[in-house]
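Notes follow once the structure below has been shown.
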Amino acid sequence: MPSAAADPFAALSDDERMRLRPEPLPERVSLMKAVLTDDRFSDPAWVYERKLDGIRCAAIRGTAGVRLLSRNDLNLNGRFPEVAAALEADGGSDVVLDGEVVALAGGQTSFERLQQRGERPVAVYYYVFDLLHLAGQDVTALGLRARKSLLRHAVTYSGPIRLTAHRNRDGEAMYAEACRKGWEGVIAKRADAPYTHGRSRDWLKFKCSAEQELVIGGYTAPKGSRTDLGALLVGHFEEGRLRYAGKVGTGFTRETLRDLAGRLEPLRRDGSPFADEVKERHVTWVEPRLVAEIGFSEWTRDGRLRHPRFLGLRDDKPAEQVVRERPGTVQPG
């Protein structure tokens, strides 16, 4: 059980207590999202966290139990039962947490390894980094530092439940360390900012590696010893049109190829879903509904991926909300 005083808000200032809003436990929440930036900076008015490479997850705990929800409201209890069980066994106040479910590979968080959970046992951890509701109060109007202070005692951090560490001021040094250690990057967060339901420049992404969600619009025939399919043809939406971003032919296991083929078969269609001409032969076109996480080295001048690699499928974002992520712009979804 977390250590809890009679008043969990006792450490707040009078001004901060005025920002609390009595609210019933919500059924769902819209999560705050970061904006990609090419700027790297250090500022005492900001805090810096490791960018985690997993599945974003809100945890809502009340008298009826625990519900784990993805960013598009998919129930994740069945996928991560150990996380739900740990939060329920912890007891304590009603609470809404924001965090990321991750798997570790060589000390790094790995979305690719997380996707292997359906093929073999893979341990997962829920790294919590924000608090939206506690003990009958909506706390989103509080600044981030105040929310993090409450978060330390909102639940017990043991087993698969972990508290995400942060640093003050030294954003550039943390970014350099992140890239040196092979992390995905750093999230910079304005320390006094309230929690915004949606994308906000109060959270910024400093990325070391390039990854992008992209929509599958077709696939090529397998060659040689490859089974089921050859390469995925992927793209992103731009003003409602699916723009071609290239083909992805690496990063697959036999199990992945078999699973992808099974998921794509019922989505087959006669013509290309892409707005651009795709100069590939022996293509099977599909309805653009499946979203894949793709790692790559860079974008080319003509909007194609260089050295792309399949990391896994995502079901926590609708395909029509997948756009090319550009530094300094606010993306939908």
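The values are calculated or read from the model by the stated rules, or taken from the named source; none is laboratory data. Owing to the predicted nature of the structure, the values given are computational and were not obtained by experimental measurement. A quick note on method: Cβ atoms are made from the backbone with ideal geometry, for glycine too, and the neighbour counts reach across all protein chains shown.
Quick grid of which residues meet (1) in contact with a Lys or Arg (Cβ under 6 Å, 6 or more places away or on another chain); (2) assigned by TED's automatic domain parsing to the domain that holds Cys179; (3) modelled with pLDDT of 90 or more; (4) surrounded by 14 or more Cβ atoms within 10 Å (Cβ to Cβ):
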residue: Val234; (1), (2), (3), (4): no, no, yes, yes
residue: Leu260; (1), (2), (3), (4): no, no, yes, yes
residue: Pro266; (1), (2), (3), (4): no, no, yes, no
residue: Gly295; (1), (2), (3), (4): yes, no, yes, yes
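Number of residues in the stretch 177-200 that are farther than 23 Å from Asn72 by Cα, at pLDDT 95 or above and among the aliphatic types (A, V, I, L, M) equals 4. Between Asp276, Asp315, Asp302, Asp270, the distinction of being under 24 Å from Glu119 (Cβ atoms) and either out of contact with any Lys or Arg (no Cβ under 8 Å at 6 or more places or on another chain) or surrounded by 12 or more Cβ atoms within 10 Å (Cβ to Cβ) (or both) belongs to Asp315 only.
Might you check whether a residue that is under 30 Å from Pro121 (Cβ atoms) and in contact with a helix residue (DSSP H, G or I) (Cβ under 9 Å, 6 or more places away or on another chain) occurs anywhere in the stretch 1-19?
Yes, the stretch 1-19 contains a residue that is under 30 Å from Pro121 (Cβ atoms) and in contact with a helix residue (DSSP H, G or I) (Cβ under 9 Å, 6 or more places away or on another chain).
For the stretch 9-42, filtered to residues that are within 28 Å of the chain's Cα centre (by Cα) and hydroxyl-bearing (Ser, Thr, Tyr), the residue that is nearest to Leu68 (Cα to Cα) is Ser30. Working carefully through the options Ala85, Ala188, find the one that is of a type in the set (A, V, I, L, M), over 20 Å from the mean Cα position of the chain (by Cα) and outside any loop (DSSP other than H, G, I, E, B). Being of a type in the set (A, V, I, L, M), over 20 Å from the mean Cα position of the chain (by Cα) and outside any loop (DSSP other than H, G, I, E, B) holds for just one of Ala85, Ala188, which is Ala85. Scanning the stretch 52-66 for residues that are surrounded by fewer than 21 Cβ atoms within 10 Å (Cβ to Cβ) and closer than 23 Å to Lys148 by Cβ gives Arg56, Gly62, Val66.
Restricting the stretch 155-187 to residues that are of a type in the set (D, E, K, R) and in contact (Cβ under 8 Å) with a residue 24 or more places away in the chain leaves a set whose member that is surrounded by the fewest Cβ atoms within 10 Å (Cβ to Cβ) is Lys181.
Is at least one residue of the stretch 105-113 under 18 Å from the mean Cα position of the chain (by Cα), of a type in the set (A, V, I, L, M), buried (at least 22 other Cβ atoms within 10 Å of the Cβ) and not assigned by TED's automatic domain parsing to the domain that holds Gly251? Looking for residues that are under 18 Å from the mean Cα position of the chain (by Cα), of a type in the set (A, V, I, L, M), buried (at least 22 other Cβ atoms within 10 Å of the Cβ) and not assigned by TED's automatic domain parsing to the domain that holds Gly251, one finds none in the stretch 105-113, hence no.
Select from the stretch 76-99 the residues that are closer than 30 Å to Asp7 by Cβ, crowded, with 16+ Cβ neighbours inside 10 Å and touching a residue at least 40 places away in the same chain (Cβ under 8 Å) and list them in ascending order. Residues satisfying the conditions are Val83, Ala86, Leu87, Asp90, Gly92, Ser93, Asp94, Val95, Val96, Leu97, Asp98, Gly99. Could you list, in sequence order, all residues of the stretch 279-289 that are modelled with pLDDT of 95 or more and part of a loop (DSSP other than H, G, I, E, B)? Result: Glu287, Pro288, Arg289.
Of everything listed in (1) under 24 Å from the mean Cα position of the chain (by Cα); (2) surrounded by fewer than 17 Cβ atoms within 10 Å (Cβ to Cβ), the single unmet condition for Gly251 is (2). When Ala178, Ala173 are screened for being closer than 30 Å to Ala84 by Cα and part of a helix (DSSP H, G or I), only Ala178 passes.
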